[in-house]
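Read the structure below first, then the notes.
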Amino acid sequence: MVLVRALLGMPELRLRLRSGGDLLDRPVTRLYGTELPDPARYLSGGELVLSGLLWHREAADCEVFVSSLAHAGVAALAASEVESRELPTALLEACLRHGVPLLEVPVDLSFATITERVVLELAAERVGDAGTMLGRHRRLLTVVAEGLPALVEAGARELGAACSVLSTTGRLVAGVEVDQPAALVRDFLRADRLPKVVRGTTLLPVAERGGGRLTNWILAAAGDKSDDEVAAELASLVALERSRIAQGRVIENRSTGPLLRLVLDGSAGPGELRSRVSAAGFDPDAPLRVLAVSASDRRVDLAAAVLEELVAEIAPRALVGAVGSEVYALAPADVDRPADVARRALRALEPGLDSTRLLVGISSPTGVAGLRGAIEEASHARRLGEARTGRTCVVAGEEIALHQLLLAGVPEELRSSVRRRLLGAVLDYDAEHGTDLVGTLRVFLDGSGSWTTAAAELHVHVNTLRYRIGRVQELLGVDLGDFTTRVDLYLALQVGPGRS
């Protein structure tokens, strides 16, 4: 039996006890790495939970996280804070309050080292006379330090089955290509419980990021491996490797928020911006794109996790940061038609979205001098998606007409006021008489004022169309032969319901 007390006695781990000195005789049954803000659904009791605290934003987050660990009956929490290099006081207080032993992990010690040491201890207990299980665990652990591809390849050998790690956007993270990845993702997101065997493939969760199952990775193993202990162990090791990768991304992204704010407030000159972009690892002379993502329920953690996956599809490297409730990514403009790539990726997520909508705006390529405009373009593009249908929507700057881009920056109250001032008489007439003169006007202007084109679109005679347009002119007191009047009414129609 491996007790929490024994972990403190392992000199190579250098763990420091921060709370729970009277709870050290709890047995550790397995390891679980997570950066979820509330991981309770993935815990069964007895776990040594490893966390880099990427979920931590404010003191209240510690209460939610630790109470979920206590409710599940974990053995202990082993945590490190890479960015500030100091565990939050609120975390210590929550662990004391809920009776969860807290072990501080040195910032220079990788979770892989803890995993290797503890799993070997656990495996030694399970081993039979032949030592088969211990051997399988040892072989897996020897390749953890070699990275994710080597780990998945070793896991496939131990399981005697092809293995792959997929993101919930359908991206192949490691392992062999799979048939119909989008279908596997859909089965994973809709499963009532995991692991689950679907179409001859076992799907296991690799939980780490915020956003719940929606932003898990998926371990897909050929055949029925739902009761195979090595498959569960492989999923756990992949989760720890993902946590290590995520910790590295946090460090990489630290400069993103300040850089975005510097660009938006206009306080930096061209020379400073070039220097900052270069320091962030980008070529200041190469074109860049900005992506903006928001979730309808203002879940910044979900938007950030989704954006990390999107930029992994669109660019070899990107920086992600939040400004308010909107999350941005800065990436090289290396991929043609990035909106199509993003749409395909987001469609895979839709089965797990429930009522949440994800909106994405993508700027046109730009140089460093145009970054502020690119940020605003991406943000405007994202807002245009609010008027469109569907649980996910991607709008690219290249797809936006100039008038749409300009209207996106107009406050909603002003839009409504202008629409009412220009179209009010026709709106009231339609409401009173059950007609659709507004719709007739829209078709007429969309067809550049062509009587034959508009009549064909509306399936009416040209004379009927002339009568309706004449009624519109009479109600509004305007002449539609005047170009400026047409432009004003066209724009007023664009800010109405169902338009973008």
**Request:** Once you have the Cα-Cα distance between Arg57 and Ser416, take 0.36 nm times their residue separation minus that, and quote the gain in nm to one decimal.
**Result:** 125.5 nm
**Asked** What does the charge dipole of the chain about its Cα centre add up to, to the nearest 20 debye, if the Cβ of each Lys and Arg holds +1 and the Cβ of each Asp and Glu holds -1?
**Response** 320 debye
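Quick check on segment 303-359: take the gyration tensor over C-alpha atoms, sort the square-rooted eigenvalues as a ≥ b ≥ c, and tell me if it's rounded (a/c under 1.5), prolate or oblate.
Details: a/c = 2.34, a/b = 1.21, b/c = 1.93.
It is oblate, given that a/c is not under 1.5 and a/b is not larger than b/c.
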**Message:** Just want the answer: with Cβ charges of +1 for Lys and Arg and -1 for Asp and Glu, which residue in Leu159, His433, Tyr328 is farthest toward the dipole's positive end in the chain?
**Reply:** His433
**Asked** Size of the dipole of segment 165-274 about the Cα centre, Lys and Arg at +1 and Asp and Glu at -1 on the beta carbon, nothing else charged, in debye to 20?
**Response** 400 debye
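Students often check this: by mean Cβ neighbours within 10 Å, which of 160-166, 286-292 ranks highest, and how do the rest follow? It would help to have the intermediate numbers written out before the result.
On the way: 160-166: 20.9, 286-292: 23.4.
The densest-packed peptide leads the list: 286-292, 160-166.
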**Request:** Considering Cα pairs under 8 angstrom that are at least six residues apart, work out the relative contact order of the chain and quote it in whole percent.
**Result:** 10 percent
**Request:** Just the Kirkwood number for the chain, please: inverse of mean 1/r across all distinct Cα pairs, in Å, one decimal.
**Result:** 25.8 Å
**segment 54-118: C-alpha gyration tensor shape, a/c 1.5 cut-off, then a/b vs b/c** = oblate
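Dipole of segment 330-390, Cα-centred, from +1 at each Lys and Arg C-beta and -1 at each Asp and Glu C-beta, to the nearest 20 debye? Before the final figure, lay out the partial values.
Numbers: 9 positive and 8 negative charges, 25 e Å.
For this selection, approximately 120 debye.
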**Asked** Cα axis of helix 371-384 to longest principal axis of the chain: angle in degrees, 0 to 90, nearest 10?
**Response** 80 degrees
**With every protein chain in place, the chain: carbon and sulfur % of accessible area (1.4 Å)** = 50 percent
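Under the 0.36 nm per residue contour assumption, what length would be gained going from the current alpha-carbon distance of Val198 and Glu153 to full extension? Before the final figure, lay out the partial values.
Numbers: separation 45, 0.36 × 45 = 16.20 nm, distance 2.16 nm.
Result: 14.0 nm gained on full extension.
Sorted by average packing, counted as other Cβ atoms within 10 angstrom per residue and highest first, what order do 355-362, 479-486, 321-328, 392-399 take?
Values: 355-362: 22.5, 479-486: 11.9, 321-328: 18.6, 392-399: 20.8.
Peptide ranking by packing, descending: 355-362, 392-399, 321-328, 479-486.
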**For the chain, accessible area per residue (1.4 Å probe, heavy atoms of protein chains only), Å²** = 44 Å²
**Request:** State the answer as a single residue: which of Val311, Val64, His459 lies farthest towards the positive end of the charge dipole of the chain, with beta carbon charges of +1 for Lys and Arg and -1 for Asp and Glu, about the Cα centre.
**Result:** His459
**Prompt:** Using alpha carbons only, how many degrees (0 to 90, rounded to 10) separate the axis of helix 111-126 from the longest principal axis of the chain?
**Reply:** 50 degrees
**Request:** For helix 412-433, report the angle its Cα long axis makes with the longest principal axis of the Cα atoms of the chain; keep it between 0 and 90° and round to the nearest 10°.
**Result:** 60 degrees
**Prompt:** Calculated from DSSP H runs of 4 or more alone, at -39500 (n - 2.57) each and per residue, what is the 222 nm mean residue ellipticity of the chain, nearest 500?
**Reply:** -15000 deg cm²/dmol
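The values are calculated or read from the model by the stated rules, or taken from the named source; none is laboratory data. This structure is a prediction, so every number in the text was calculated from the model and none was measured. Cβ: placed from backbone, ideal geometry, glycine included. Neighbour counts: every protein chain shown. Just so you know, the surface numbers come from the protein's heavy atoms only, side chains and all, with ligands and any DNA or RNA stripped out. Shrake-Rupley method; radii C 1.70, N 1.55, O 1.52, S 1.80 Å.
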